[in-house]
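**Q** Would you mind keeping the following structure in view while I ask a few things?
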Amino acid sequence: MEKIDEWHKERGFSEVGYHYVIQAGGLVRLGRKVAQIGAHCKGHNSDSIGVCVVGSFEDGTPVPGSQWVALVSVVSDLMRQYGLSVRDVYGHKELGNTLCPGFDPVVLREALADECEV
Ligand SMILES: [Zn+2]
């Protein structure tokens, strides 16, 4: 988290650009406040919440168990809190020219649909 904050400050951001950072092992760290505009997805920063999953999944490797559980938990809580549906959840690569997050966002939406039934 401290490293990301450092990187993002080097890029000229005021602080870490994500609203949530899910560390390997599943520890959830809070980034900038949701009320503040993120710096996580060009063109969509002002109307989205940025959740970063630490690690490299760009070869399509799945997110490890406890980190995945934390991701589903954080996003489903946000969906409830902000009245969002699974159709409001995107992977970075669906909105920008990037491989991020590597894993297929459809898999996340399916897990959220099971979790939330929104
Ligand atoms: Zn990304």
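Just so it is clear, none of the values below were taken in a lab; they were calculated from the coordinates. What you see is a predicted model; the values in this text were computed from it and never measured. FYI the Cβ positions are ideal-geometry reconstructions off the backbone, even for glycines, and counts take in every protein chain you see.
**Q** With an 8 Å Cα cut-off and a minimum separation of 6 or more residues, compute the relative contact order for the chain in percent.
**A** It rounds to 22 percent for the chain.
**Q** Cα centroid distance between segment 27-41 and segment 48-118, in Å?
**A** 15
**Q** Would you pull out the residues with amide H under 5 Å of V53's amide H, same chain only if 5 or more places away, H placed 1.01 Å from N?
**A** Residues meeting the amide H criterion: I22.
**Q** Still on this structure: What is the packing order of peptides 94-103, 2-11, taking the mean over residues of other C-beta atoms within 10 Å and listing the highest first?
**A** Averaged packing, sorted descending, gives the order 94-103, 2-11.
**Q** Normalised by the residues of segment 23-86, what does the relative contact order come to in percent, with Cα pairs under 8 Å and at least six apart?
**A** It comes to 37 percent, rounded to a whole number.
**Q** Kindly express, to the nearest 10 degrees and within the range 0 to 90, the angle between helix 65-82's C-alpha long axis and the longest C-alpha principal axis of the chain.
**A** The angle comes out at about 90 degrees.
**Q** Taking the Cα centre of segment 2-115 as the origin, how large is its charge dipole in debye, to the nearest 20, when only Lys and Arg (+1) and Asp and Glu (-1) carry charge on their Cβ atoms?
**A** The calculated dipole for segment 2-115 is roughly 300 debye.
**Q** What order do you get for 30-42, 67-79 when each peptide is scored by the mean count of other beta carbon atoms within 10 Å, highest first?
**A** Output ranking for 30-42, 67-79: 67-79, 30-42.
**Q** Something else: Mind listing the phi-derived Karplus ³J(HN,Hα) values for segment 44-55, rounded to whole Hz, using 6.51, -1.76 and 1.60 with θ = phi - 60°, and x for any glycine or proline?
**A** 10, 5, 7, 10, 8, 10, x, 10, 9, 10, 5, x
**Q** Also, I was wondering about something else. Using the alpha-carbon atoms, what tilt in degrees (0 to 90, nearest 10) does helix 105-116 show relative to the longest principal axis of the chain?
**A** The answer is roughly 60 degrees.
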